[in-house]
Structure formats: C-alpha cells, structure tokens
Amino acid sequence: MRQLFLAVTLCACATLVLAGSSFARTPDPSQCTVTDDRINVCPYDHPAGGDAERYVDLTVTVVNDNDDPIEGYPAANFSFNVMPHSAYPFLGGGASGDCAGCENHYAVSCIDAATNIDGEMTIRVDLGSGCSPSMCCPVEVWVTLPQGTIIDPGEVLQNTWDLVANGDVRAPDFSAFATCYVSGVGGSLEECCDFITTGETWGTITPSDFSSFAVHYQDCCGSIKEPDPGNCDPFTDPCP
C-alpha cells in the first residue's frame, strides 16, 4: 500500500511539474514587447550600401504571465502585419496620407530560429531594393502569436532626404527642408525633416538634422555623390 501511495504521489507531482512547465512556456501577449526604430532612406539603392540599407532590426521579447522570458519559442509561431502609423495619418499610407499603401513596401521576417534565453527574437523590417521609395512612411509592426496579438506594436519611423519625391536631393528638397528648419513647422513635412531624433518626440528639427541633410544634398545618379549613373537603380516613385 505504501508503494502504491508513493507511486501515486510521484505521478501527481510529475503531472504538476509538467503542467507548470507547459504553463510557464505559454506567452502572454499583453506583457510581450516590441522595440521601435527608424529608417532614413536614400533616394537610390547604392551598391555601396551604407545609408541605402533599407532595413532595421527590432526585438520581440516573449514572456509568460509572470513576466518570465520564454526561451526556445519558435520563429514559426510569429506572424506580422504592417499598418500605417496611427499617430501620423497624414503621412504615408493613412486614410488621408500622402502615399497611399506605402506600408506595403515593408517585409518582416524572423532573423533567429527561436527566442534566446532572455525570450528575445530579432525581426527584420525591410524595404527591399527593388523599388526606391521616396516618401515619409512611418508604420506600426503588429506581431501576432498563436495566443494573440502583442498589444504594443513596434514603431518604425521612416523618412527620406528626398522630400520632394523625384529621385534626387536637389534645390526643391533644400527649400522644403529650410521651411522645416527655419520655422520648426513644416506641416506634413515636419516629421519627415527630423532625420536625427535625440529625444522621444519625432518632429523636432535641430542643427544635427541640418548636418545630416547637407551630407545628402545633391545625392542622386550622375551627381558628385554617385558619378556613375550606371550603378543606380532607376527611380520609381511609389506615390503617384
């Protein structure tokens, strides 16, 4: 009888341990997080890379309802939806945006096979190289797990030095940027002119933004920045 009682007790304990382990590995979308980042886009996909690398890596942290990280959560369980940024409906793909559907240029993929010991998964938000997007297109990246959608999306603030979309950075863009820089109020361009954000507020134009813009002035095929037009992709304006 004692052996039977011991066996039943051990079985019950094992069941509790397994159940606890299974429960601990169940993500809680309300507590999982996604980081934010930004992309500054060159008008052309220069072969040399650098500023023309049109992607950013975000980090998704998967935790359970105790806020404990879940290691080994597989990439196959992640899915993504890129939407216009809700805070900037006048930019990009919003209902009254200046480039309808620009969020469709983004592709999101998992870089890792599974989450690491800290429950972290690196995901890449990529604009690709087939099209040269000349636009200001901030988006929200919503990450969905089988247990539900993470309630806080990753924010990607994307803009360009080509403020007047025609494939290069010349006098019209300088005039547009000057309006932002001098007055600090550029209408829908105010956020697009903020190339370097030192704080939390997107849309504050500072001398660092002027320096960043100046580096890219006259950046186009056949210019002093790219002397060989044959090395440039043809410009395609995604905002007809």
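The values are calculated or read from the model by the stated rules, or taken from the named source; none is laboratory data. This is a predicted model, so every value here is computed, not measured. Virtual Cβ from ideal backbone geometry, glycine too; neighbours counted across all protein chains shown.
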Residues being over 19 Å from the mean Cα position of the chain (by Cα), over 16 Å from V108 (Cα atoms) and among the polar types (S, T, N, Q) - total across the stretch 66-88: 1
Give the stretch 175-205 a look and list any residue that's at pLDDT 75 or above, surrounded by fewer than 20 Cβ atoms within 10 Å (Cβ to Cβ) and more than 18 Å from I39 (Cα to Cα), or say none. S175, A176, A178, T179, Y181, V182
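Going residue by residue through the stretch 56-64, is there one that turns out to be in contact with an Asp or Glu (Cβ under 9 Å, 6 or more places away or on another chain), at pLDDT 90 or above and under 24 Å from L189 (Cβ atoms)?
Here is the first cut: in the stretch 56-64, the ones in contact with an Asp or Glu (Cβ under 9 Å, 6 or more places away or on another chain) are 56-64.
Subsequent filtering for residues that are at pLDDT 90 or above retains 56-64.
From what is left, the residues that are under 24 Å from L189 (Cβ atoms) are 56.
Yes, the stretch 56-64 contains at least one residue that is in contact with an Asp or Glu (Cβ under 9 Å, 6 or more places away or on another chain), at pLDDT 90 or above and under 24 Å from L189 (Cβ atoms).
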For residues that are within 15 Å of A75 (Cα to Cα) and under 17 Å from the mean Cα position of the chain (by Cα), tally how many sit in the stretch 97-124. 10
I need the full set of residues from the stretch 102-117 which are in contact (Cβ under 8 Å) with a residue 40 or more places away in the chain and either assigned to a loop (DSSP other than H, G, I, E, B) or within 14 Å of C137 (Cα to Cα) (or both), in order please. C102, H105, Y106, I111, T115, N116, I117
So which pairs qualify, if the first residue must be in the stretch 67-84 and touching a residue at least 60 places away in the same chain (Cβ under 8 Å), the second must be part of a loop (DSSP other than H, G, I, E, B) and exposed (fewer than 15 other Cβ atoms within 10 Å of the Cβ), the Cβ gap must be under 7 Å, and the two must be at least 6 apart or on different chains? N77/P146
